[in-house]
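K.L.:
Take a look at this one; I'll ask things after.
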Amino acid sequence: MMLSRAPKASFAPGARPRAVAPRSNRVRVVRVAATLTDLGEDGKILVAGASGGCGKRVVDVLSSRGVPVRALVRDVSKATSGSGLLAGVGSTTEVVRGDVFQYASLPPALDGCAAVVCCTGASDPRDPLGPFNVDFQGTLNLIAAAKQAGVKHFVLVTSIGADELINPLNLFWGVLFWKKRAEEELQRSGLTYTIVRPGGLKSKLGDGESAGNVVMAAPGTYGFPPRKSGSILRTQVAEVCVAALTEPAAANKVVEVIAEKDAPAKAWADLFSAVNWF
């Protein structure tokens, strides 16, 4: 299938990535909405990958707080009917068709949006181009369209270990490699961003298992041994993404998140403020 790309794509499969200096929020002053209500008054929140595990939960969190949402999916009928993950969404949620593979479908979807939460990711282990197409090129298309639309904040969900070339997950067609390349493109885009790297994703708890509290750390803290690892509920990841939209300390940061049962509960402002990685 031919992909429709944004005008300036920076990589092709096998291309050598160029080094990127991370942007520092100490030298770039940004405006962050004070509340979700303020952000909602500026426009809708586009959730890409809204019919997936994390994306659906981001839609749920925003909708439960009365924030206008535009859920981007490839198949509206499948997502909203029967057992579709977006069946029965609230009145503040608009489900629209769009495909990050097809750049032309993105500007209309972003019209009137104030922010983006990108939860897309390759899902077919049989497709060797999946991570490049979805995690990299698709994200680049969305970044370019978001910049053109003038969105105020772009939240990107990737993964712990994104900066580790020697990681077993890269056997899945370089998935972490391409996630990292997408992170770098977002960092150099000029958009205000937050990159959220969750640990192992869980949809629900096991018998007698505690969800624990969110622990947030600088990039490179978690991953393949000898680094520490951990897991987190998709609902908790969604809460992190939504909090990032209004916390000034989240602007232009990469944060890694897991959940630990013995960790103290902390305010979002404290969690984001404690992460210093530049």
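The values are calculated or read from the model by the stated rules, or taken from the named source; none is laboratory data. Predicted model, so just to flag it, every value in this text is computed and none were measured. Glycine gets a Cβ as well: all are built from the backbone with ideal geometry, and neighbour counts include every protein chain shown.
K.L.:
Kindly check whether there is at least one residue in the range 52-65 that is closer than 17 Å to Ala149 by Cα, out of contact with any strand residue (DSSP E or B) (no Cβ under 7 Å at 6 or more places or on another chain) and in contact (Cβ under 8 Å) with a residue 60 or more places away in the chain.
P.N.:
So in the range 52-65, the residues closer than 17 Å to Ala149 by Cα come out as none.
Checking the range 52-65: not a single residue is closer than 17 Å to Ala149 by Cα, out of contact with any strand residue (DSSP E or B) (no Cβ under 7 Å at 6 or more places or on another chain) and in contact (Cβ under 8 Å) with a residue 60 or more places away in the chain.
K.L.:
Return only the number of the condition from (1) more than 25 Å from Glu247 (Cα to Cα); (2) in contact (Cβ under 8 Å) with a residue 40 or more places away in the chain; (3) part of a loop (DSSP other than H, G, I, E, B) that Gly190 does not satisfy.
P.N.:
(1)
K.L.:
I'm trying to understand the selection: among the residues of the range 92-140, which are closer than 18 Å to Asp42 by Cα and outside any strand (DSSP E or B)?
P.N.:
Listed by number, the residues that qualify are Thr92, Pro107, Pro108, Ala109, Leu110, Asp111, Gly112.
K.L.:
Sticking with this one: Let me spell it out: the conditions are (1) in contact (Cβ under 8 Å) with a residue 24 or more places away in the chain; (2) crowded, with 21+ Cβ neighbours inside 10 Å, and Leu176 meets all of them except one. Which number is the exception?
P.N.:
The number of the failed condition is (1).
K.L.:
Which of the residues belonging to the range 57-78 are in a helix (DSSP H, G or I) and either touching a His at 6+ places or on another chain (Cβ under 6 Å) or surrounded by 23 or more Cβ atoms within 10 Å (Cβ to Cβ) (or both)?
P.N.:
Matches in the range 57-78: Arg57, Val58, Val59, Leu62.
To keep it simple, each residue is scored yes or no on (1) crowded, with 23+ Cβ neighbours inside 10 Å; (2) free of Cβ contacts under 8 Å to residues at least 40 places away in the same chain; (3) in contact with a strand residue (DSSP E or B) (Cβ under 9 Å, 6 or more places away or on another chain); (4) closer than 28 Å to Thr246 by Cβ.
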{"position": "Ala104", "(1), (2), (3), (4)": "no, no, yes, no"}
{"position": "Arg126", "(1), (2), (3), (4)": "no, yes, no, no"}
{"position": "Gly130", "(1), (2), (3), (4)": "no, no, no, no"}
{"position": "Thr139", "(1), (2), (3), (4)": "yes, no, yes, yes"}
{"position": "Ala146", "(1), (2), (3), (4)": "yes, no, yes, yes"}
{"position": "Val155", "(1), (2), (3), (4)": "yes, no, yes, yes"}
{"position": "Ile160", "(1), (2), (3), (4)": "yes, no, yes, yes"}
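This table checks each residue for (1) closer than 29 Å to Lys266 by Cβ; (2) in contact with a Phe, Trp or Tyr (Cβ under 6 Å, 6 or more places away or on another chain).
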position: Pro128; (1), (2): no, yes
position: Ala149; (1), (2): no, no
position: Val155; (1), (2): yes, no
position: Lys179; (1), (2): yes, no
position: Thr192; (1), (2): yes, no
position: Ile195; (1), (2): yes, no
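K.L.:
Mind checking which residues of the range 89-102 are in contact with a Pro (Cβ under 9 Å, 6 or more places away or on another chain) and surrounded by 21 or more Cβ atoms within 10 Å (Cβ to Cβ)?
P.N.:
Listed by number, the residues that qualify are Thr93, Gly98.
K.L.:
Among the residues in the range 30-44, are any crowded, with 18+ Cβ neighbours inside 10 Å, modelled with pLDDT of 80 or more and under 29 Å from Asn276 (Cα atoms)?
P.N.:
No.
K.L.:
Then there is this: All but one of (1) modelled with pLDDT of 95 or more; (2) outside any loop (DSSP other than H, G, I, E, B); (3) not polar (S, T, N, Q) hold for Leu176; which doesn't?
P.N.:
(1)
K.L.:
Just the residues that are farther than 16 Å from Arg188 by Cβ and either among the aliphatic types (A, V, I, L, M) or part of a helix (DSSP H, G or I) (or both), please, taken from the range 152-161.
P.N.:
Val155, Val157, Ile160
K.L.:
Looking only at the range 228-274, how many residues end up being without any contact (Cβ under 8 Å) to a residue 12 or more places away in the chain and closer than 23 Å to Leu176 by Cβ?
P.N.:
1
K.L.:
What single numbered condition from (1) at pLDDT below 95; (2) surrounded by 24 or more Cβ atoms within 10 Å (Cβ to Cβ); (3) not β-branched (Val, Ile, Thr) fails to hold for Lys204?
P.N.:
Failed condition: (2).
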